[in-house]
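Down below is the structure, laid out as structure tokens.
The values are calculated or read from the model by the stated rules, or taken from the named source; none is laboratory data. Since this is a predicted model, take the numbers as computed values, not measurements. Heads up, the Cβs are rebuilt from the backbone with ideal geometry, glycines too, and the neighbour counts pull from every protein chain shown. Please note that ligands, DNA and RNA were not included when accessible areas were found on the heavy atoms of the full protein model with its side chains. Shrake-Rupley method; radii C 1.70, N 1.55, O 1.52, S 1.80 Å.
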Amino acid sequence: MQFRDLKRQYEHLKTQIDDGMAEVITSASFISGPQVRALEEQLAAYVGVKHCITCANGTDAISIALEAWGIGPGDAVFVPDFTFFSTGECPAAAGATTIFVDVRRDTYNMDPAALETAIEEVLAEGKVRPKVVIAVDLFGLPADYERICDVCKKYGLLLLEDGAQGFGGSITNHLGHERKACSFGDISTTSFFPAKPLGCYGDGGAIFTDNDEWATLCRSIAVHGKDMEHQDDPMAKYNNLRIGRNSRLDTLQAAVLLAKLRAFQDEELAAVNRVAEHYTELLDGSGLMLPEVAPGYYSSWAQYTVQLPDGVDRDAVQTQMKQAGIPTMVYYVKPMHLQGAFAGTRSAQAHCPVTEDLCGRVLCLPMHPYLTEEEVAEVVRVLKECMD
Ligand SMILES: *Cc1c(COP(=O)(O)O)cnc(C)c1O
């Protein structure tokens, strides 16, 4: 069994993907081919925002957004302590101070109350200025944007949604109005790393925003600071307005994503939700803490993560499951504030007891749209055996 079976996905989508890639190779438009723009238009329409700017990966997407906002030394950026390293790395790479915030045990996402406490602490210290909150849609579930947006408004902070794992998720409010993940931030970002909910065949990422000015800035930063507004003018083609970087999504990846986006919308998103429901049904009463999706929330299930009860040896469970042919993973083993990269900095001074506890007991089970009911039942059978 595979943890995330990309080979099985390819078997299902082979014709569309092969045709799409062959078209790019035949046309030899490897950089900025028409597929890139077509993908950006489809992604923006799907998410329901005005602008989508593709780029080289999800880490660059975060960094480019922070750069567009001019975030740097003296600024504080609030990031959940339980996430992939990028989320905390990007503000630090920009010279800003990453402040880690604890998460909720039931959703694995940023705790809005802990966020407010962390902001108050930073204000009381008076050393760095609160500027940005980066909320992460961990494991596919959108963060609590209603409350996080309130906190951002109260303190005048910008909201960046790190939707690297969240693409395809959504929140429907009490009026029945649905908003998709990657539309909640002032700027939102995602990653097309192969194992993410929507993945390409290499690295890729995207930036989403309704703001025209930020969109133009991000597009320019991603292509050497070029003057992107006058691209049809031959004189302006080599006009560089600012120091940027090279962060493009190449045309082959765009072609793969165009084929995969169709399957994602038509089948895969519903399929992962069926797999998750099946896990939850079969694991009910097992003594494990199961992932919860609050009313109105919809997850794209980047991971199905359970919490082992006290006294269960996680290493032993993983070894035993591996021997039975079932791969498992631990996301994440270490709280961000305890990562060596932050040792001795303000970022290491975080009070995140929930994250510290979660790191010791989470376990991620095989999860992808092509997992069969029999395979889910097999994972559950072996896992229950390991816990006896
Ligand atoms: C994967 C991931 C990223 C980084 O994406 P890359 O495309 O690998 O650079 C950022 N944030 C989170 C939460 C992620 O899971």
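Computed quantities for the displayed model
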quantity	calculated
Members of region 311-325 found to be surrounded by fewer than 20 Cβ atoms within 10 Å (Cβ to Cβ) and either within 20 Å of GLY140 (Cβ to Cβ) or touching a residue at least 24 places away in the same chain (Cβ under 8 Å) (or both), listed by number	VAL312, ARG314, ALA316, VAL317, GLN318, GLN320, ALA324, GLY325
Criterion (surrounded by fewer than 19 Cβ atoms within 10 Å (Cβ to Cβ) and on the phi < 0 side of the Ramachandran plot) met by exactly one of GLN253, GLN231	GLN231
Unmet requirement for SER286, which otherwise passes all of (1) part of a strand (DSSP E or B); (2) of a type in the set (Ser, Thr, Tyr); (3) open to solvent by 10 Å² or more (accessible area, probe 1.4 Å)	(1)
Breaking point among (1) surrounded by fewer than 22 Cβ atoms within 10 Å (Cβ to Cβ); (2) away from the ligand (no atom under 14 Å from the Cβ), for ILE53	(1)
Cross-chain or 6+ apart pairs with Cβ under 9 Å, region 31-55 first and closer than 19 Å to ILE221 by Cβ and part of a helix (DSSP H, G or I), then of a type in the set (Asp, Glu) and modelled with pLDDT of 95 or more	VAL36/ASP250
Whichever residue in region 153-177 is within 14 Å of the ligand (Cβ to nearest atom) and aliphatic (A, V, I, L, M) and, among such residues, is surrounded by the fewest Cβ atoms within 10 Å (Cβ to Cβ)	ALA164
Yes/no for GLU277 being without any contact (Cβ under 8 Å) to a residue 40 or more places away in the chain, within 30 Å of LEU365 (Cα to Cα) and part of a helix (DSSP H, G or I)	yes
Residue match in region 144-157 (condition: in contact with a Pro (Cβ under 6 Å, 6 or more places away or on another chain), closer than 30 Å to ALA114 by Cβ and among the small types (Gly, Ala, Ser))	no
Output for region 326-357, where each listed residue is over 25 Å from ASP137 (Cα atoms) and open to solvent by 40 Å² or more (accessible area, probe 1.4 Å)	ALA343, GLY344, THR345
Scan of region 59-85 for residues that are within 9 Å of the ligand (Cβ to nearest atom) and open to solvent by 10 Å² or more (accessible area, probe 1.4 Å), ordered by number	THR59, ASP60, PHE84, PHE85
Criterion violated by PRO234 - all others in (1) of a type outside the set (Val, Ile, Thr); (2) without any contact (Cβ under 8 Å) to a residue 24 or more places away in the chain; (3) within 23 Å of ALA61 (Cα to Cα) satisfied	(3)
Candidates LYS180, LYS196, filtered to the one that is within 16 Å of the ligand (Cβ to nearest atom), touching a helix residue (DSSP H, G or I) at 6+ places or on another chain (Cβ under 9 Å) and modelled with pLDDT of 95 or more	LYS196
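This table checks each residue for (1) open to solvent by 10 Å² or more (accessible area, probe 1.4 Å); (2) touching a helix residue (DSSP H, G or I) at 6+ places or on another chain (Cβ under 7 Å).
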{"residue": "ALA263", "(1), (2)": "no, yes"}
{"residue": "ASP266", "(1), (2)": "yes, no"}
{"residue": "GLU292", "(1), (2)": "yes, no"}
{"residue": "GLN303", "(1), (2)": "yes, yes"}
